[in-house]
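Colleague: So that we are looking at the same thing, I have put the structure below in C-alpha cells.
Values quoted throughout were computed directly from the atomic coordinates according to the rules given, and no laboratory measurement underlies them. None of these values were measured; they are calculated from a predicted model. As a convention, Cβ positions derive from the backbone with ideal geometry for all residues, glycine included, and neighbour counts pool all protein chains shown.
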Amino acid sequence: MIAVTGASGHLGQLVVEQLLQKVPANQVIAIVRSPDKAQGLAARGVQVRKGDYNAPATLDAAFQGVQKLLLVSSSEVGQRARQHQAVVDAAKKAGVKLLAYTSILKADTSGVSLAAEHLTTEKAIRASGIPFVFLRNGWYLENYTENLGPALQHGVLMGAAKDGRIAAATRADFAAAAVAVLTTPGHEGRVYELGGDQPFTMAELAAEVARQAGKPVAYNDLPAEAYEKTLLSFGLPPPMAQVLVSADQGIARGDLDERSGDLSRLIGRPTTPLSGAVAAGLKSRV
C-alpha cells in the first residue's frame, strides 16, 4: 500500500492522480484532514483516510498497512517540525518500509528561512531508522505563473533576487518525481536535489511574460528592506513578507539554483520549460 499525506492539496492531488496511472486504485491511500473533500477519489477506488498533522491519534489509524509513505510537507510555516515529527513517529509505529519526504532544495546548506524546519524534519527521519528518500524540491513555477495579474496590470515584477537563477519546475514535475520513487526500486537512502532543467532569472521571467502577453513587463529589483516594506504595504502579514524576502535573498545567493539533473532523470523526460508554464498561467486568466 502506498499512502500520500496532504492528498487534497495542490501537490498531493497531483501525486495521487499520477499514482493511479501506475498502480491499482485499491493500492493507494489518500490521507486528508477532511475526507468529505476527497469523495471523488473514494468513488474511484482509492482508500481515503483521515489524517491530521495536529492530531497524532488520527495518524496511527491512517498509516495502518502502509508500506510506502509520501510525507508532503505541511503548509503551516512555524509548525512544521512538530507536525512532521508526529508523522514520523506514527510511521515508525506502523512499520512503514519507506518514507519519502518533500523537503527543500539544498536543505542542509540553504540560507532560506524555510529550510530550517525541513532540515529538522530530515534529521528526525534519519533518527527514526525508517528507510527514507528526501525529495528536495526547488521552487514551483506556479509560485510565479499563477499570480501574473499584478505584473500584467502594472507592467512590473518586483523582488530582491538580483540576477540569481531559479531552477523552478511545475508541481506536476515534482509530483512525477515522487511517484517515481514510490513505484520503482533503488531509492532508499537517496537525497535528490530537484530543480528545473533551465534555471532563469527574474528578469528573464519578466521578459517571457512580456513576450507572451504582448505587453511590457519589467523586473524591478529592490533592496531587501524596500521589498519587505512594499510587500507589507500590499497587506501581506509580516511573517509571509519575511519568507518571501528570505527566499529572494536565497535566490540571489544561488540557494534555489540547481544543475544536478536529478529531476529530469527521475521523471524520464525534460522538465516543463518556463515558456510552457507562463503560457499555462496566461491561459488560466482567459
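Colleague: 7 Å from Cα along Cα→Cβ at both MET1 and ASP163: what's the point-to-point distance in nm?
Modeller: 5.4
Colleague: At 222 nm, what value in deg cm²/dmol follows for the chain if DSSP H runs of at least 4 each add -39500 (n - 2.57) and the sum is divided by all its residues, to the nearest 500?
Modeller: Helix contribution divided over all residues of the chain: -13000 deg cm²/dmol.
Colleague: Moving to a separate point now. By counting other Cβ atoms within 10 Å of each Cβ, how are PHE134, PHE200 ranked from fewest to most? All intermediate terms of the calculation are to be shown ahead of the outcome.
Modeller: Values: PHE134 26, PHE200 20.
Ordered by Cβ neighbours within 10 Å, fewest first: PHE200, PHE134.
Colleague: Would you kindly state how much longer the chain becomes between LEU236 and ARG269 on full extension, computed as 0.36 nm times their sequence separation minus their alpha carbon distance, in nm to one decimal?
Modeller: Computed gain between LEU236 and ARG269 is 8.2 nm.
Colleague: If you don't mind, another one. Determine, for ASP173, ASP163, ASP52, the number of other Cβ atoms within 10 Å of each Cβ, and report the residues in order from fewest to most.
Modeller: Ascending Cβ contact count within 10 Å gives the list ASP163, ASP52, ASP173.
Colleague: Provide Rg over Rh for the chain; use the alpha carbon set for both Rg and the Kirkwood Rh (inverse mean inverse pair distance).
Modeller: Taking Rh as the inverse mean 1/r over Cα pairs, Rg/Rh reads 0.98.
Colleague: When the Cα atoms of the stretch 2-137 are enclosed in a convex hull and the volume is divided per residue, what value in Å³ results? Please report the intermediate quantities before stating the final value.
Modeller: On the way: hull volume 12.9 nm³, N = 136.
Roughly 95 Å³ of hull volume per residue.
Colleague: Across the stretch 2-137, how many lysine pairs separated by 8 or more positions, or lying on different chains, have Cα atoms within less than 24 Å?
Modeller: Going through the stretch 2-137 pair by pair, I get 19.
Colleague: Further, regarding this structure: Give, in nm to one decimal, the length gained when the segment between ARG82 and ASN54 is fully stretched (0.36 nm per residue of separation minus the Cα-Cα distance). Don't jump to the answer; show the numbers that get you there.
Modeller: Details: separation 28, 0.36 × 28 = 10.08 nm, distance 0.85 nm.
Full extension from ARG82 to ASN54 adds 9.2 nm.
Colleague: Starting with the highest mean, order 34-46, 16-28 by the number of other Cβ atoms within 10 Å, averaged over the residues of each peptide. Present the calculation step by step, with values, prior to reporting the outcome.
Modeller: On the way: 34-46: 14.2, 16-28: 16.7.
Highest to lowest by the protection proxy: 16-28, 34-46.
Colleague: Starting from the Cα-Cα distance between SER260 and GLN153, subtract it from 0.36 nm times their residue separation and give me the gain in nm to one decimal. Please report the intermediate quantities before stating the final value.
Modeller: Values: separation 107, 0.36 × 107 = 38.52 nm, distance 3.64 nm.
Result for the pair: 34.9 nm of gain on full extension.
Colleague: In degrees between 0 and 90, to the nearest 10, how far off the longest principal axis of the chain does helix 80-94 point, with axes built from Cα atoms?
Modeller: 20
Colleague: Separation between the SER128 and THR184 pseudo-spin-labels, each 7 Å from Cα along Cα→Cβ, expressed in nm?
Modeller: Taking the simple label geometry, SER128 and THR184 are separated by 2.4 nm.
Colleague: While we're looking at this one, here's another question. Given R₀ = 45 Å, FRET efficiency for ASP89-LYS215 by Cβ-Cβ distance, to 0.05?
Modeller: Efficiency, from the Cβ-Cβ distance: 0.30.
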